[in-house]
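Trainee: Here it is, the structure, as structure tokens.
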Amino acid sequence: VSRDELALAVDIGGTKMAVGALDRAGRVRWAERAPTPSTPDGEAVWSAVAALVARCPLPTVVCGAGCGGPMDEGGEHVSPLNIEGWRDFPLRSRLAELTGLATYVDNDAKALALAEGWCGAAVGKSDYLSMVVSTGVGGGIVLDGRLLDGGAGNAGHIGHVVVEPDGRSCRCGGRGCLEAEASGTSIAAITGAPAAAADSAMVARTGRLVGRAVASVANLLDLRLATVAGSVALGFGAPFFAAGQAEIAVRSRLAFSAGTRIIPSGLGASGPLAGAAAVGWRGAGTLDPWIGSS
Ligand SMILES: [Zn+2]
């Protein structure tokens, strides 16, 4: 693979989608965005994706896509909770047919984890957790320099780590999960107002609970870095990260987990596209420098 070759990156979210052409350093050479049609008609959603892909003016050599879960391994069939028209939608094969490229699909939070190590806040790290705290809470884990997949491809799903044993009911059927306590949706349900309007006490509580989950992961997996993206976390900003860091200091006390840091994502607005491109390069076996080279 030459340094000049480009990956076609496809990011499909519940409210918007993006397509880009990214080089092997993670630079965006071209990108466009469009709203995701809000419709139960899955083919209408697919048509919007295909129209955006068709607008790419640059030649690309591999296709990578990030999409909400759940999905089966490799994204052969995706059923994103926030795209009602897609239930067992054959995303990977549709993209492969459309583009004629080798095509790889993964969970968007795992995709972001790859990108943090490729060109974000975890460059050079072989062991870290990457999180998204937004309307929901997701994550991905890189350990020993490899993105963890797990039995069904869902490793790193930190939104359902328990942080309040007697806490709120979670849509997964459990109780007190991080997502049920600290997601934008949950904060809105608790306060009666959008997360962006949360007061300082709620910001600190959210940071504390995220830090609690991070501390457990650090203790479990012998890692010392958590990067956090997502509109809720980044919107809350410094007070959120300070509260998370304080909680980690109390709860990550083992010799190998003490000193674990929680920091903002280094990817910025192009993070989801960088994640999708990283999925493509990983699939092609050429992701620099070595993350995901399983
Ligand atoms: Zn749950």
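The values are calculated or read from the model by the stated rules, or taken from the named source; none is laboratory data. Keep in mind the model is a prediction, meaning the values are calculated, not measured. Neighbour counts are summed over all protein chains in view; Cβ atoms, including those assigned to glycine, are modelled from backbone coordinates with ideal geometry.
Trainee: With 101, 148, 143 as the choices, which residue is in contact with a helix residue (DSSP H, G or I) (Cβ under 9 Å, 6 or more places away or on another chain), without any contact (Cβ under 8 Å) to a residue 40 or more places away in the chain and more than 16 Å from the ligand (Cβ to nearest atom)?
Mentor: One residue alone meets the criteria, 148.
Trainee: Another question about this same structure. Under 8 Å between Cβ atoms, at least 6 apart or on separate chains: pull out the pairs that start in the range 165-183 with a residue that is farther than 19 Å from residue 240 by Cα and near the ligand (Cβ under 9 Å from one of its atoms) and end on any residue that is of a type in the set (Ser, Thr, Tyr) and outside any loop (DSSP other than H, G, I, E, B).
Mentor: Taking only residues 6 or more apart or on different chains, the pairs are 175/169.
Trainee: Restricting to the range 51-71, name every residue that is surrounded by fewer than 17 Cβ atoms within 10 Å (Cβ to Cβ) and modelled with pLDDT of 95 or more.
Mentor: 51, 54, 55, 57, 58, 59 - these are the residues of the range 51-71 that are surrounded by fewer than 17 Cβ atoms within 10 Å (Cβ to Cβ) and modelled with pLDDT of 95 or more.
Trainee: For residue 217, state whether it is modelled with pLDDT of 95 or more and touching a strand residue (DSSP E or B) at 6+ places or on another chain (Cβ under 9 Å).
Mentor: When the stated conditions are applied, residue 217 passes them.
Trainee: So residue 186 ticks every box in (1) polar (S, T, N, Q); (2) modelled with pLDDT of 95 or more; (3) within 13 Å of the ligand (Cβ to nearest atom); (4) in contact with a strand residue (DSSP E or B) (Cβ under 8 Å, 6 or more places away or on another chain) but one. Which box is left unticked?
Mentor: The number of the failed condition is (4).
Trainee: Determine which member of the set 109, 152 is part of a helix (DSSP H, G or I) and of a type in the set (A, V, I, L, M).
Mentor: Selected residue: 109, the only one of 109, 152 that is part of a helix (DSSP H, G or I) and of a type in the set (A, V, I, L, M).
Trainee: Now for a different question. In the list 5, 97, which residue meets the criterion of being of a type in the set (D, E, K, R) and assigned to a helix (DSSP H, G or I)?
Mentor: Numbers: 5 fails: assigned to a helix (DSSP H, G or I).
After ruling out the rest, the residue left standing is 97.
Trainee: Please determine whether any residue of the range 272-282 is of a type in the set (Lys, Arg) and either in contact with a Ser or Thr (Cβ under 6 Å, 6 or more places away or on another chain) or farther than 19 Å from residue 108 by Cβ (or both). First the steps, then the outcome.
Mentor: Taking the range 272-282 as the starting set, the residues that turn out to be of a type in the set (Lys, Arg) are 282.
This time we only want the ones that are either in contact with a Ser or Thr (Cβ under 6 Å, 6 or more places away or on another chain) or farther than 19 Å from residue 108 by Cβ (or both), so: none.
There is no residue in the range 272-282 that is of a type in the set (Lys, Arg) and either in contact with a Ser or Thr (Cβ under 6 Å, 6 or more places away or on another chain) or farther than 19 Å from residue 108 by Cβ (or both).
Trainee: Further, regarding this structure: Give me the pairs, please: first residue somewhere in the range 21-46 and farther than 23 Å from residue 60 by Cβ, second residue anywhere and outside any helix (DSSP H, G or I) and of a type outside the set (Gly, Ala, Ser), beta-carbon distance under 6 Å, and either six or more positions apart or on two chains.
Mentor: 35/16; 40/84; 42/86; 42/89; 44/37
Trainee: What tally of residues in the range 115-129 results from selecting those that are among the small types (Gly, Ala, Ser) and in a helix (DSSP H, G or I)?
Mentor: 2
Trainee: Out of contact with any strand residue (DSSP E or B) (no Cβ under 8 Å at 6 or more places or on another chain), within 26 Å of residue 260 (Cα to Cα), away from the ligand (no atom under 14 Å from the Cβ) and among the basic types (Lys, Arg): is that true of residue 224 in this structure?
Mentor: When the stated conditions are applied, residue 224 does not pass them.
Trainee: Which condition number does residue 79 fail, the rest of (1) farther than 20 Å from residue 217 by Cα; (2) among the polar types (S, T, N, Q); (3) buried (at least 20 other Cβ atoms within 10 Å of the Cβ) being met?
Mentor: Looking at each condition in turn, residue 79 falls short on (3).
Trainee: Kindly indicate whether any position in the range 108-116 is within 16 Å of the ligand (Cβ to nearest atom), under 13 Å from the mean Cα position of the chain (by Cα) and not charged (D, E, K, R).
Mentor: yes
Trainee: Within the range 133-147, how many residues turn out to be out of contact with any strand residue (DSSP E or B) (no Cβ under 8 Å at 6 or more places or on another chain) and part of a strand (DSSP E or B)?
Mentor: 2
Trainee: Further question on the same structure: Name every residue in the range 82-129 that is closer than 15 Å to residue 144 by Cα and surrounded by fewer than 22 Cβ atoms within 10 Å (Cβ to Cβ), in order of residue number.
Mentor: 123, 124, 125, 126, 127
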